[in-house]
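The values are calculated or read from the model by the stated rules, or taken from the named source; none is laboratory data. Everything numeric here is computed off the predicted structure, so don't read it as measured data. Note: ideal-geometry Cβ built from the backbone for every residue, glycine included; neighbour counts use all protein chains shown.
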Amino acid sequence: MKPAPDARPEFSCDRFEMHVRVRFHEVDALGHVNNAAYLNYLEQAAINHATTAGLDLERLRSLGGVFVARRHEVDFLEPAFGGDLLRVVTWLGAPRGARIERSSLILRENRASLPAALLRGDGETGPDLIQELLIVRAVTMWVFVNERGMPTRIPAAVRAAFDSLSARTGNDGKD
């Protein structure tokens, strides 16, 4: 589950994006965003993605469980600072039983706006610009657990909800 050095969504991958403005209480004594704050951003992006797909906590429970983070691998590449505007980009891998990997990038938005083509690496400057703006690269292993906390196979309805979101928004990775 090691994030690839050049990890970014595949061309055909459905991704979800959100923006976050760094709040000053998330900054540590060195003036950088505290590492724990990045985990909050990653988790909120996952929650927002699921909620947008119609999978809020109540719906997930009605389908037999909820997702819990089992493992995070995070590469902290550059610092962010209070007031920075960040873009969190996240996408899902294929489910495997009760598990699913969610990859994420956090990029600084202050310096430039990133069209989706650059996130895919299209064109000659895409990967270089991504590297310039890339702050965090992460992979989280999520596990679907029942009400007793026991891992259980991810229901087909959960995957269908994410697929349906892609169809509704037209997000086929080809923006």
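Quick check on GLU26: is it without any contact (Cβ under 8 Å) to a residue 60 or more places away in the chain and charged (D, E, K, R)?
When the stated conditions are applied, GLU26 passes them.
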Can you find even one residue in the range 94-104 that is of a type in the set (Lys, Arg) and either buried (at least 20 other Cβ atoms within 10 Å of the Cβ) or under 15 Å from ARG15 (Cα atoms) (or both)? yes
Can you pull out the residues in the range 99-151 that are touching an Asp or Glu at 6+ places or on another chain (Cβ under 9 Å) and at pLDDT below 55? ARG111, ALA112, PRO115, ALA116, ALA117, LEU119, ARG120, GLY121, PRO127
Do we have any residue at all in the range 52-62 that's surrounded by 14 or more Cβ atoms within 10 Å (Cβ to Cβ), in contact with a Lys or Arg (Cβ under 9 Å, 6 or more places away or on another chain) and not aliphatic (A, V, I, L, M)? no
Could you list, in sequence order, the residues of the range 65-87 that are farther than 17 Å from ALA53 by Cα and of a type in the set (A, V, I, L, M)? VAL68, ALA69, VAL74, LEU77, ALA80, LEU85, LEU86
Out of the residues in the range 47-81 that are of a type in the set (Asp, Glu) and more than 14 Å from the chain's Cα centre (by Cα), state the one that is farthest from PRO151 (Cα to Cα). GLU78
